[in-house]
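Let me begin by presenting the structure, written as structure tokens, before commenting on it.
Read-outs throughout are calculated quantities, based only on the coordinates presented, and are distinct from any laboratory measurement. If you're wondering where the values come from, they're calculated on a predicted model, not measured in any experiment. Backbone-built Cβ (ideal geometry, glycine too); neighbour counts: all protein chains shown.
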Amino acid sequence: MSTTALETPGAPQSRNRAGAGAPLALASGDALVLESLSRHFGAVRAVERVNLKVRAGQKYAVLGSNGAGKTTLFNLITGDLPPTAGSISFFGEDISGLPAHERIRKGLRRTYQSSLLFRQLSIRDNLFLAVRGVSQGRFSFLRASARHPSTRATGAILERIRLSHLAGETVANLSHGQQRQVEIGMALAGAPRLILFDEPAAGLSPAERRELVALLRGFPEHIGFVLIEHDLDIALRVSHHVSVMHNGTILREGTPDEIEADAQVHALYMGSDPAGDAGDGFAGH
Ligand SMILES: Nc1ncnc2c1ncn2[C@@H]1O[C@H](COP(=O)(O)OP(=O)(O)OP(=O)(O)O)[C@@H](O)[C@H]1O
Ligand SMILES: [Mg+2]
């Protein structure tokens, strides 16, 4: 195949938010369905009977304060942790019992709260390794020709994450924000159908956050994502749908407009009124 999964650009979003006013051009079907999913650590109910549905191509945000259970939820979806109870379906298939690498083969990807990049390698080499790691001949890490599909796929990802101009730069020399962009690129390797982003905006400067928002808003239509985010403003700007987690459960879910207007969300989570700017949920812009 000469095409890569990255060549279809995302639909232009004329409105300020992905979910406000713009018609949702989603691929058909459900990408991810969680049913009564739970994970307990002793007496701690980190995730408690969570029901959640992400449609194919949908951009979904999960908000919630520290310890709400967001990362644990991701660990269950990816298979890094087994659930205590409940089920996980991915594009119509029950994947609850599959090991993590089988879920990756089916097009599920994630990023972590802490970086897993090879810091002494260039951006291009990090991405190339990710591309080779999920391709058929995955034990061949030798430098490929410019026309090799893996080389071309690497180039497509570099463009997608807006770092082509720095392709040869060593990761250790990059800014925090650029490293986050590379991590997103790693998750784009192969043919992802749904990517889980665990707080990619954490620790970024306002300018870096704007770059991240632009990257997420320009995401291909056919690749959905679930974004864990503390910053309400970012979550609302890049997503079609938002869930708010609290003590392991989904406290609220709705469109960005519904979540923004929800007084309880503000009172419980953001520590501010909807018009205020003091709460951490409104930082960054
Ligand atoms: N491996 C573990 N063993 C025991 N308890 C755990 C484990 N992982 C998470 N927990 C607990 O589960 C709860 C949810 O943690 P989790 O990391 O999922 O929260 P989070 O929403 O991702 O928080 P943050 O915003 O700080 O990243 C917390 O009380 C945490 O201490
Ligand atoms: Mg977390």
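Some points to look at:
- Neighbour counts of other Cβ atoms within 10 Å put HIS148, HIS240 in the fewest-to-most order HIS148, HIS240.
- 11 Å beta-carbon shell around SER96, net charge (K/R +1, D/E -1): -2
- Fewest-first sequence of LYS106, LYS70 by Cβ atoms within 10 Å of each Cβ: LYS106, LYS70
- Pairwise FRET efficiency - ARG162 versus ALA207, Cβ, R0 = 22 Å, nearest 0.05: 0.95
- Dimensions of region 108-192 from C-alpha coordinates, computed as largest minus smallest value along each principal axis and given longest first, are 31, 27, 21 Å.
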